[in-house]
Structures are given as C-alpha cells and as structure tokens.
1. Only one of (1) open to solvent by less than 50 Å² (accessible area, probe 1.4 Å); (2) out of contact with any helix residue (DSSP H, G or I) (no Cβ under 7 Å at 6 or more places or on another chain); (3) over 30 Å from residue 293 (Cβ atoms) is not met by residue 554, so which one is it?
2. Considering only residues that are of a type in the set (Lys, Arg) and either at pLDDT 95 or above or under 27 Å from residue 114 (Cα atoms) (or both), which ones fall in region 52-92?
3. Residues of region 566-598 being in contact with a Phe, Trp or Tyr (Cβ under 8 Å, 6 or more places away or on another chain) and closer than 24 Å to residue 487 by Cα, which ones?
4. Based on what the data block shows, is residue 334 at pLDDT below 95 and in contact with a helix residue (DSSP H, G or I) (Cβ under 9 Å, 6 or more places away or on another chain)?
5. Kindly indicate which of 568, 586, 593 is touching a residue at least 12 places away in the same chain (Cβ under 8 Å), farther than 20 Å from residue 356 by Cβ and surrounded by 15 or more Cβ atoms within 10 Å (Cβ to Cβ).
6. Kindly check whether there is at least one residue in region 577-591 that is modelled with pLDDT of 95 or more, over 21 Å from the mean Cα position of the chain (by Cα), part of a helix (DSSP H, G or I) and among the charged types (D, E, K, R).
7. What are the pairs, 6+ residues apart or on separate chains, where a residue within region 39-51 that is modelled with pLDDT of 85 or more has its Cβ under 7 Å from a residue that is of a type in the set (Val, Ile, Thr) and part of a helix (DSSP H, G or I)?
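The values are calculated or read from the model by the stated rules, or taken from the named source; none is laboratory data. Quick caveat, the model's predicted, so the values are computed rather than measured. For neighbour counting, all protein chains shown are included, and Cβ atoms are generated from backbone atoms with ideal geometry for every residue, glycine included. These area figures cover heavy atoms from the full protein model, side chains too; ligands, DNA and RNA do not enter into them. Shrake-Rupley method; radii C 1.70, N 1.55, O 1.52, S 1.80 Å.
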Amino acid sequence: GPGGLRDVEFAVQLLQLVHGRGDELLRSPTTLVALAALADGGYVGRDDAAQLASSYRFLRTVEHRLQLQQLRRTHLLPVDESGLRWLARSMGRRDIASWQSEYDGHVREVRRIHEKLFYRPLLNAVARLPSDGTRLTPAAATARLKALGFADPVAALGHLEALTSGISRSAAILRALLPAMLGWFAEAADPDAGLLSFRQVSDALGSTPWYLRVLRDEGATAERLARLLATSRFVADLLGRAPETIALLADDDELMPRGPDALRGELLAVARRNDDWEDAVVAARGLRRRELIRIACGDLLGLVGVDEVGRALSDVAAATLAAALETATRSTRSRLGAELPVRLAIIGMGRLGGLEQGYGSDADVLFVYEPLGADSSDCTATAHDIASELRRLLTMPAPDPALVVDADLRPEGRQGPLVRSLASYAEYYEHWSSPWEAQALLRATPIAGDADLGRRFVELIDPLRYPEGGLQPAEIREIRRLKARIEAERLPRGVDPSMHIKLGRGGLADVEWTAQLLQLRHGREIATLRTTATIEAVAAAADAGLLARDDADALQDAWVIATRVRNAIVLARGIPSDVVPSDARALAAVSGAMGYAAGRSGDMLEDYRRATRRARAVHERVFAS
C-alpha cells in the first residue's frame with residue numbers, strides 16, 4: 001500500500017539503477033545497506049535516509065509479527081479490534097491508539113520521501129544519460145563537453161574538476177548533479193558562461209548545508225539554475241552577489257512579484273532600523289537586488305508577462321526611492337539638529353510613472369516640496385539637500401546595482417533647480433510651459449514622500465496634460481516637429497533605423513508618441529485616456545473609437561515585443577542597449593532570453609520586424625497626418 005515496504009524498496013532500487021552504473025559502492029542487494037550507501041554518497045539526504053531506514057525496520061517488524069502469529073505469508077493488517085490489540089502488544093505498545101499513531105506516521109513519511117525520490121526530475125535526466133555520461137572522467141567529460149557545444153572544453157573541464165574533485169560529500173553530490181546539468185547548460189545560449197557562473201555560485205556558498213540539498217531534492221531547482229545561469233548574465237551577476245536567493249527557484253510562488261505595499265513596508269522598516277544612513281540604504285538596495293532576482297527569474301522562466309515585469313520593476317524602484325527618501329530626510333534632520341521646515345514628494349516620470357520600467361531603466365523623477373510654516377527662507381536649500389543626499393545614497397559604491405535618479409524632465413531641464421515648491425511649479429506651468437512638458441507630464445504619478453502633496457501636484461498638472469478643448473493646431477505641429485527632430489538628431493549614426501528599439505521605425509517612441517498625442521487631444525473629455533500606461537492608453541483610444549481595433553493591436557504588439565527585446569538584451573548581456581544585436585551570437589543570446597528555441601533567433605528577428613513595420617504604418621497615419 002502507499003507508504004509501505006515496496007515504496008522504500010522501489011525508491012532505493014531506482015536510485016541504484018540510475019547511479020549504480022557510475023558508483024560501485026551502491027551495488028548491494030540488501031535494501032538497508034544500499035540505502036546507507038546512497039546516503040553516504042550524497043544521492044539521498046541523511047535525514048531522509050534515516051527516516052526510510054527507521055520506517056523500513058518498523059514495517060518489516062509488523063510483517064514478521066503477523067506472519068509469526070498465523071504461520072503463513074501475509075501482508076494484511078487485521079481489521080478487528082482484537083487482532084490490532086494483539087499486534088500492538090506484540091510490538092511492545094500498550095494500546096491500539098499509540099501503535100496506530102506510530103504506524104500512520106511511518107507510512108506518511110515513507111510515501112512523502114518515496115514521491116520526492118521516485119519522481120525527481122533530476123533522476124529522470126540522469127537516467128537518460130549514456131553509461132559513460134555518469135562518470136566524469138577527464139576523457140569522457142572532454143568528449144561530452146565537445147559534443148554538447150562548449151566553446152572552451154578545456155576551461156569547462158577545469159571547472160568540473162574543481163567542483164567534483166575530492167572525497168567530500170559535497171563533491172559526491174556534485175558528481176551526481178553535473179552530468180544532467182551539463183545538458184541543461186548546453187541547451188542555453190552560452191553554456192560556458194553558465195558553467196563558470198555555477199562554479200562561482202557553488203564556491204560562494206561553500207559548505208552551506210541547504211544549497212546542494214535544494215539542488216538535489218527540490219524538484220526542478222537544478223534545471224532552472226542551469227538554464228538561468230547559461231541564459232542570463234544579469235541573473236548570474238546578481239546571484240553571484242546573493243547566492244542565497246537560489247532557494248527562491250524551488251517554488252513558483254516565490255518567483256511571483258510582490259505587491260507594492262509589502263515591498264514599501266519592508267524597505268522602509270529596514271531603513272528606519274538603521275541609524276547609519278549609508279548602511280540603511282545599502283540594506284534597502286540589498287532587498288532591491290533580491291527582488292530584481294525574483295522578477296528576472298520569473299520572467300525568464302515564463303511565469304510573468306511583460307506588463308507584470310514592468311509594474312514589478314516600477315514597484316521595486318518606487319519602494320527603494322521611498323526608503324532612500326526616508327533615510328535622506330533623517331540624515332538631513334540629524335545634520336541640522338532640528339525638525340525640517342519642508343515636506344517632500346517624489347513624482348515618477350517616464351517609464352517609472354507609467355509603471356513600465358525595464359531592467360536597464362533609470363528612475364525619472366521630479367522633486368516637489370512645500371514649506372511647513374510661514375518662514376520659507378531655508379526651505380529650498382533644505383529640500384535640495386534632501387534630494388541631493390537621496391541621489392548620493394542610491395549611487396554610492398555598494399555590492400548592489402545602483403538606482404540612477406534622473407531629474408532631467410524638470411522645468412528648464414538640467415539648467416533648472418533640482419527641486420521646486422508646489423507654488424513654483426504652478427507659476428512655471430502657468431507662464432512658461434511648452435507642449436513637450438505637457439506631454440512628459442502625461443506619465444507623472446506620485447510614487448514616494450508626502451501623499452497629500454503628491455495628490456495636489458497631480459491636481460495642478462491635470463489641466464495642463466488634459467487641456468480644455470484639446471491641443472491647438474500650432475501645438476500639434478510643434479509636437480510633430482519635435483518628434484521628427486529627435487529622430488534625425490538622436491538616432492545613432494550608422495544604426496539601421498528599423499533596428500533601434502526606442503527611436504527606430506515602429507519602435508517604442510512611435511507607439512508612445514502616438515498614444516500621447518491622442519491623450520493630449522482627447523484626454524479632457526474621455527476619462528479612460530487619463531492613464532500613465534502606454535498599453536492602457538492605446539486600449540482606451542480603441543474603445544473610444546479614436547483608433548481602429550487593428551491599429552491598436554498593431555501598436556500594442558510592437559510595444560510589447562520592443563519592450564521584451566529591450567529587457568532581454570539586459571538579461572542576456574548584463575548591460576542595457578537600444579539596438580537589436582546584429583552579431584549572431586549576441587542575437588542568439590537575446591532570443592534565448594525571450595524564450596525562443598535554440599537556432600530560432602531568425603524567427604525572433606522576423607517577429608520584431610513584422611510588428612514594428614505594422615506599427616510604423618499606424619504611426620504615420622495617426623500621428624503624422
């Protein structure tokens with residue numbers, strides 16, 4: 001029955017069949033001897049092996065007692081009370097209840113461990129290997145590495161020898177893991193980088209007890225780790241700094257993005273607990289790194305979509321800014337030795353305001369403050385100090401990725417003050433605002449700091465970004481001229497215009513400017529257009545009859561694939577770029593990060609060209625005419 005003797009024997013025998021080819025110590029016909037050898041070799045966890053051995057002895061004793069009583073072969077428990085009482089007392093238990101509880105516990109544990117071992121994906125992978133593939137001798141390993149497509153089999157062999165040499169239990173476990181993992185490395189774009197990253201992660205974790213146990217026992221963790229390390233330099237770099245986060249790979253739920261309230265609460269709590277301002281933000285940035293790993297792994301494993309990735313990355317950036325603002329405010333208060341005369345809000349702009357951040361995005365923001373009292377003489381300087389301290393803390397040298405705060409979308413751009421009061425913003429927008437600033441404000445949303453001040457800033461800019469009567473013809477011409485000038489001046493020299501993700505034909509800018517022009521023209525009368533998200537604005541325009549449904553689909557498809565390519569470049573190569581790679585190796589890495597099968601990078605390129613070509617046609621028809 002479930003959890004019985006056969007469950008123990010079948011699990012042990014299956015492990016012997018798979019691993020006994022390469023390990024002669026496992027070749028015993030005796031269940032308990034073989035189980036002990038499997039535990040010594042690292043093929044089974046010591047706790048699991050001890051539990052199986054204890055349960056096996058208990059169940060064998062039950063079987064022997066029943067057969068002694070009846071002097072015949074039987075495996076059936078008695079169903080009557082007198083038979084159960086006799087069995088319990090023959091095993092030294094005083095009553096049926098205590099014996100039954102012990103029996104149920106053994107059966108439950110045997111079934112749990114049996115299912116974990118018998119259906120382990122890693123075991124299936126090892127079982128499919130050729131006989132010599134389970135023995136990592138130098139000659140066999142080199143031949144296998146060449147066959148698998150490793151570009152530098154000599155270096156790869158060096159990594160394997162470093163990981164598996166010696167007689168330690170860790171080396172024994174790795175000798176069982178690596179034959180299967182080599183195949184998973186080889187299925188990704190860069191198996192050499194994957195194996196190197198695996199060695200670095202394994203070296204970093206050293207003798208950490210849970211690491212190899214998780215890879216061996218927890219479902220598909222080993223396969224996921226191999227594929228991620230060989231697919232994404234971004235993930236490999238982050239895991240190298242925080243190898244303990246590998247534990248997230250064991251559970252799909254752990255790879256789903258966390259909600260904004262939970263993120264903000266955790267990061268603020270970390271910042272408030274630490275009175276060393278730099279250490280407080282370093283700790284918050286460490287939590288941001290963990291969340292970046294969670295999001296990137298969920299993205300690469302196909303658990304979250306591009307819209308969820310953008311929102312999750314934006315939520316993490318907003319929570320990090322909130323923690324840095326809290327710390328910068330406390331730091332400034334401590335330095336001045338008095339309560340601060342201002343309150344500050346951070347307004348998200350660009351992709352941050354639209355909740356559409358990518359892995360390589362800066363945090364585009366505006367800083368707005370308000371004096372707390374009648375005397376406002378020192379307010380601007382104080383607010384500037386807080387904002388400057390925030391930017392310094394988020395970009396100071398640390399083991400974690402910096403969050404670059406970009407305030408260039410403020411009034412007067414880089415020449416203008418870093419922070420302004422709400423009244424100063426009101427005066428500027430009333431007298432000197434230009435159409436491009438109204439367009440930029442379409443994506444403005446409060447993300448950190450004083451919530452009431454953020455809300456009143458939005459009330460201030462709504463008439464500007466959703467003007468009464470829409471845009472004047474001269475303003476529309478100005479926006480079109482600006483778009484044409486940006487394409488002419490900012491597109492890098494020598495780059496194929498169809499391959500530039502942001503400024504190229506049918507790229508992100510074409511989709512976003514088309515949506516934003518419709519928002520500026522019709523946002524006042526159509527409430528659903530008042531959104532900071534590009535895809536939502538396009539959908540709202542279609543629902544309102546401003547766009548044909550096919551045109552809206554073309555714009556959305558182009559925006560989605562362009563965003564995916566942009567994200568995949570960072571994931572695959574570790575550095576941001578707005579140009580689709582032309583090098584075959586780099587293109588293969590990017591398409592692999594997008595989920596395309598090996599050798600299908602041409603399909604990705606064709607999908608991208610088709611989508612952007614259709615979007616460009618819509619842009620020229622809707623925006624330019």
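1. Single failed check for residue 554: (2).
2. First, the residues of region 52-92 that are of a type in the set (Lys, Arg): 57, 60, 65, 72-73, 85, 89.
Result: 57, 60, 65, 73.
3. Of everything in region 566-598, those that are in contact with a Phe, Trp or Tyr (Cβ under 8 Å, 6 or more places away or on another chain) and closer than 24 Å to residue 487 by Cα turn out to be 567, 570, 576, 580.
4. On the way: at pLDDT below 95: yes; in contact with a helix residue (DSSP H, G or I) (Cβ under 9 Å, 6 or more places away or on another chain): yes.
So residue 334 fits the description; yes.
5. Numbers: 568 fails: farther than 20 Å from residue 356 by Cβ; 593 fails: farther than 20 Å from residue 356 by Cβ.
So the residue among 568, 586, 593 that is touching a residue at least 12 places away in the same chain (Cβ under 8 Å), farther than 20 Å from residue 356 by Cβ and surrounded by 15 or more Cβ atoms within 10 Å (Cβ to Cβ) is 586.
6. Scanning region 577-591, I find no residue that is modelled with pLDDT of 95 or more, over 21 Å from the mean Cα position of the chain (by Cα), part of a helix (DSSP H, G or I) and among the charged types (D, E, K, R), so the answer is no.
7. Going by the 7 Å Cβ cut-off, the qualifying pairs are 48/113; 51/113.
Quick grid of which residues meet (1) basic (Lys, Arg); (2) more than 26 Å from residue 434 (Cβ to Cβ); (3) open to solvent by less than 40 Å² (accessible area, probe 1.4 Å):
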{"site": "394", "(1), (2), (3)": "no, yes, yes"}
{"site": "405", "(1), (2), (3)": "no, no, yes"}
{"site": "413", "(1), (2), (3)": "no, no, yes"}
{"site": "420", "(1), (2), (3)": "yes, no, yes"}
